[in-house]
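Following: one structure in structure tokens, then a few remarks.
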Amino acid sequence: MQLTKEDMANLKDVMENWKNELLVYKFALDQMNTKFSIISQEYNLIHGHNPIEHTKSRVKSFESIVNKLARKNLEVTTAHAKEHIHDIAGVRIICSFLSDIYNVVDILKQHNDLEILGIKDYIKNPKENGYRSLHLLIETPVYLTNGVERVKVEIQIRTIAMDFWASLEHKIHYKLNNAVPELLTEDLKEAANIANYLDEKMHGINNEVDSAKKEPEEER
Ligand code: 0O2
């Protein structure tokens with residue numbers, strides 16, 4: 001289903017009605033951002049380093065939701081969006097090291113308020129184009145004036161190098177309207193391999209630093 005500009009204009013009314021419906025996703029993100037800030041600060045206090053370099057969060061734009069529903073051949077309704085679009089609320093966690101990614105996942109698994117609905121590990125199983133990241137789909141309760149609503153949030157956890165690659169790849173697809181020439185696709189795959197090499201190298205160096213720190217002074 002391809003949406004025209006006219007379709008989008010007609011959907012503006014629908015959008016007005018959606019504003020309140022989408023507010024709950026912002027509340028879910030507020031909660032998740034607080035959660036990640038607490039994890040960051042406390043982990044730093046205990047372990048002396050911060051597993052989270054920085055975070056970004058966003059509620060998916062109305063236009064992107066409509067386009068994603070169209071790609072899935074679904075009629076534009078809030079019910080369809082809530083059921084079929086899993087990343088209306090999205091958080092991106094950027095870590096320095098590969099091990100930090102799995103540490104963050106382990107921490108989240110212990111948070112009983114969250115239900116983990118699914119994990120996609122594109123680090124162990126990168127996508128064909130070279131995309132690497134770990135995606136967690138979780139559900140979090142949001143307490144409202146008149147009850148509680150369970151809200152889905154997609155959490156993407158990646159290293160700085162993975163994020164650098166994904167941002168550029170996303171920009172290239174946007175700029176070239178998804179018609180990426182074969183040569184660029186190959187270049188991007190090569191860049192993904194280099195980013196992976198950098199991640200593994202930095203992970204190794206960090207492990208060596210940790211071991212050196214643990215050795216007693218006289219053995220150094
Ligand atoms: P945007 O603009 O970032 O919001 P699903 O959400 O499960 O119905 P899908 O594609 O199976 O659809 O989910 P998946 O694989 O978990 O990917 C969802 C999001 O991951 C994408 O959202 C992107 O943010 C990111 N992503 C996945 N694959 C790639 C990739 O090859 N390159 C880049 N740069 N990002 C990727 P959206 O809605 O597609 O885009």
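The values are calculated or read from the model by the stated rules, or taken from the named source; none is laboratory data. Treat the numbers as computed from the prediction; the structure is a model and nothing was measured. Using ideal geometry, Cβ is built from the backbone for each residue, glycine included, and neighbour counts are taken over all protein chains shown. Keep in mind that these areas ignore ligands, DNA and RNA; they rest on the heavy atoms of the full protein, side chains included. Shrake-Rupley method; radii C 1.70, N 1.55, O 1.52, S 1.80 Å.
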- Item | Convex hull (Cα only) mean projected area of the chain, reported in nm² to one decimal | 15.1
- Exactly which GluC sites (Glu not before Pro) in region 63-116 are in a DSSP loop and have at most 16 other Cβ atoms within 10 Å? Glu75
- Note: Ala191 to Phe164 extended length (0.36 nm per residue) minus current alpha-carbon separation gives 8.7 nm
- Using a 1.4 Å probe and counting only protein heavy atoms, arrange Arg92, Arg158, Arg71 so the residue with the most accessible area comes first. Arg71, Arg92, Arg158
- Roughly speaking, what is the stretch gain from Ile46 to Ser99, that is 0.36 nm per residue apart minus the C-alpha to C-alpha distance, in nm to one decimal? 17.4 nm
- Task: Measure out, as a whole number of angstrom, how far apart the alpha-carbon centroids of region 32-61 and region 109-173 sit.
- Result: 14
- Relative to the Cα centre, what is the charge dipole magnitude of region 5-160, using +1 at the beta carbon of each Lys and Arg, -1 at the beta carbon of each Asp and Glu, and rounding to the nearest 20 debye? 380
- Query: What 222 nm value per residue comes from the helices of the chain, counting each DSSP H run with n ≥ 4 as -39,500 (n - 2.57) and dividing by all residues, nearest 500 deg cm²/dmol?
  - Reply: -18500 deg cm²/dmol
- Query: Share of the chain's accessible area from carbon and sulfur, percent, 1.4 Å?
  - Reply: 52
- Task: Roll a 1.4 Å probe over the protein chains and send me the accessible area per residue for the chain in Å².
- Result: 62
- For an R0 of 35 angstrom, estimate the FRET efficiency from the Cβ-Cβ distance between Ile172 and Ile119 and round to the nearest 0.05. 0.80
- Task: Under 27 Å Cα to Cα from Lys214, which lysines show up? Leave out anything in the same chain fewer than 8 places away.
- Result: Lys201
- When the solvent-accessible surface of protein heavy atoms is calculated with a 1.4 angstrom probe, in what order do Tyr143, Tyr122, Tyr25 fall, highest first? Tyr143, Tyr122, Tyr25
- Pairs beyond 32 Å (Cα-Cα), from Lys60/Lys189; Lys19/Lys127; Lys82/Lys171: Lys19/Lys127
